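Notes for the one structure printed next.
The values are calculated or read from the model by the stated rules, or taken from the named source; none is laboratory data. Not measured: the values here are computed from a predicted model. Methodologically, a virtual Cβ is constructed for each residue, glycine included, from the backbone with ideal geometry; neighbour enumeration extends over all protein chains shown.
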Amino acid sequence: MNYRKDKEQILAAIIARLKTLPAGTSKCSGGLFREVFPDVPLPDFNDLFDLNYALHELAEKEGLYLDGTHHFNKEEGLPFNLDFIVKPLKPVVSFDVVKYSESRWPGLPEELSIDQRNKSIAYLPSDSVDREHPAIHKCTAVEWDEIADFVAGCRFDQWEESYIEPVLDGTSWRIDLLKDNKVVKKSSGSNGYPNCWRMFTFLKAYCRRLVMREAIVNKKPDKCPFCTSTNLRQYVFGLPTAEAFDSSKYILGGCEISDHNPKWGCIDCGAKFFKGDDPWETDYWYND
Ligand SMILES: [Zn+2]
């Protein structure tokens with residue numbers, strides 16, 4: 001038996017095996033090949049990559065969802081050695097708006113909505129006083145590409161209706177998918193989360209940054225990525241010196257000094273730039 005020659009037959013045998021497993025079983029494609037064909041030598045690297053990809057694709061046609069989203073953005077091993085969770089495929093839901101709300105007792109909720117019809121996002125931080133008017137950002141084509149990838153990757157249609165962990169305080173959240181202003185799918189959780197939560201957290205952070213005009217950068221940008229202004233200045237925090245107070249070189253950031261203060265700011269649009277290495281850092285702003 002040879003992977004390239006007998007690919008169809010091999011995939012069908014592995015799918016048949018997957019169908020016998022209880023929902024929630026964790027497997028990897030390389031391991032499945034070994035299990036189903038113990039006497040056949042393992043295919044080479046390229047073929048294993050191909051096997052992994054082909055298996056994920058075929059599984060959905062056969063009513064199975066192989067959920068490996070918990071590996072998102074982690075530096076781990078080769079994809080055919082990474083585990084996925086076998087689940088029955090839920091009906092695919094078509095939606096145009098994702099509405100998300102998250103509460104941490106005793107604060108007000110943080111709200112985010114992503115509108116695929118006009119490629120815009122609306123964001124309401126939990127500390128916002130004006131609860132009726134979230135900040136709205138219309139995405140550029142480049143920004144929207146990124147968001148669309150994440151929305152697709154999160155596989156909202158495969159989320160369970162509820163994720164509950166019995167903890168008294170903590171975080172509760174809900175997500176609604178809407179089509180033509182009608183809710184077509186709901187999901188919620190209380191200290192419990194779907195497998196792809198890491199990916200969703202990245203999506204939230206990315207949207208939040210766009211709306212709040214915040215970016216993590218290594219050095220002072222030459223021009224503002226949000227409004228293209230070149231009028232950028234360094235922040236100073238604490239009691240300013242007479243020089244800082246007088247000159248138009250700085251932005252006075254107030255007295256509170258923390259690790260989470262922005263380093264530079266845009267005079268024209270108020271964008272804040274935080275110094276850091278990882279543009280995907282998600283909890284940069286939480287000062288706990
Ligand atoms: Zn700007």
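Hey, does the range 219-230 have a residue that's modelled with pLDDT of 90 or more, under 27 Å from Phe150 (Cα atoms) and surrounded by 13 or more Cβ atoms within 10 Å (Cβ to Cβ)?
Yes: the range 219-230 contains one or more residues that are modelled with pLDDT of 90 or more, under 27 Å from Phe150 (Cα atoms) and surrounded by 13 or more Cβ atoms within 10 Å (Cβ to Cβ).
Residues of the range 45-85 being of a type outside the set (A, V, I, L, M), touching a strand residue (DSSP E or B) at 6+ places or on another chain (Cβ under 6 Å) and touching a residue at least 40 places away in the same chain (Cβ under 8 Å), which ones? Talk me through it step by step, then tell me what you get.
First, pick out the residues of the range 45-85 that are of a type outside the set (A, V, I, L, M): 45-47, 49-50, 52-53, 56-57, 60-63, 65, 67-77, 79-81, 83-84.
From what's left, touching a strand residue (DSSP E or B) at 6+ places or on another chain (Cβ under 6 Å): 56, 65, 67-68, 83-84.
Hits for the range 45-85 are Tyr65, Asp67, Asp83, Phe84.
May I ask you to list pairs of residues, at least six apart or on different chains, whose Cβ atoms are under 7 Å apart, with the first in the range 187-214 being at positive phi and the second being in a loop (DSSP other than H, G, I, E, B) and not aliphatic (A, V, I, L, M)?
Listed pairs, sorted by first residue: Asn191/Glu165; Asn191/Gly170; Arg213/Phe226; Arg213/Cys269; Arg213/Gly270.
Checking Arg174 against (1) within 29 Å of His70 (Cβ to Cβ); (2) touching a helix residue (DSSP H, G or I) at 6+ places or on another chain (Cβ under 6 Å): exactly one of these is not met. Which one?
(2) is the only condition that Arg174 fails.
Does the range 201-226 hold any residues that are touching an Asp or Glu at 6+ places or on another chain (Cβ under 7 Å) and in a helix (DSSP H, G or I), and which are they?
Matches in the range 201-226: Tyr206, Leu210.
Failed condition for Ser190, given (1) surrounded by 14 or more Cβ atoms within 10 Å (Cβ to Cβ); (2) of a type outside the set (A, V, I, L, M, F, W, C); (3) within 15 Å of the ligand (Cβ to nearest atom), with all others met?
Exception for Ser190: condition (3).
Consider the range 180-214. How many of its residues are farther than 29 Å from Phe84 by Cα and at pLDDT 95 or above?
4
Can you tell me how many residues within the range 146-188 are of a type in the set (Val, Ile, Thr) and more than 19 Å from the chain's Cα centre (by Cα)? Please lay out each step first, then the result.
Here is the first cut: in the range 146-188, the residues of a type in the set (Val, Ile, Thr) are 147, 151, 164, 167, 171, 175, 183-184.
Cutting the leftovers down to more than 19 Å from the chain's Cα centre (by Cα) gives us 164, 167, 183-184.
Residues flagged as of a type in the set (Val, Ile, Thr) and more than 19 Å from the chain's Cα centre (by Cα) within the range 146-188 amount to 4.
Only residues that are among the acidic types (Asp, Glu) and either outside the structural domain of Arg174 (by TED's automatic domain parsing) or surrounded by 14 or more Cβ atoms within 10 Å (Cβ to Cβ) (or both): list them for the range 103-145, please.
Within the range 103-145, Glu110, Glu111, Asp115, Glu143 meet the criteria.
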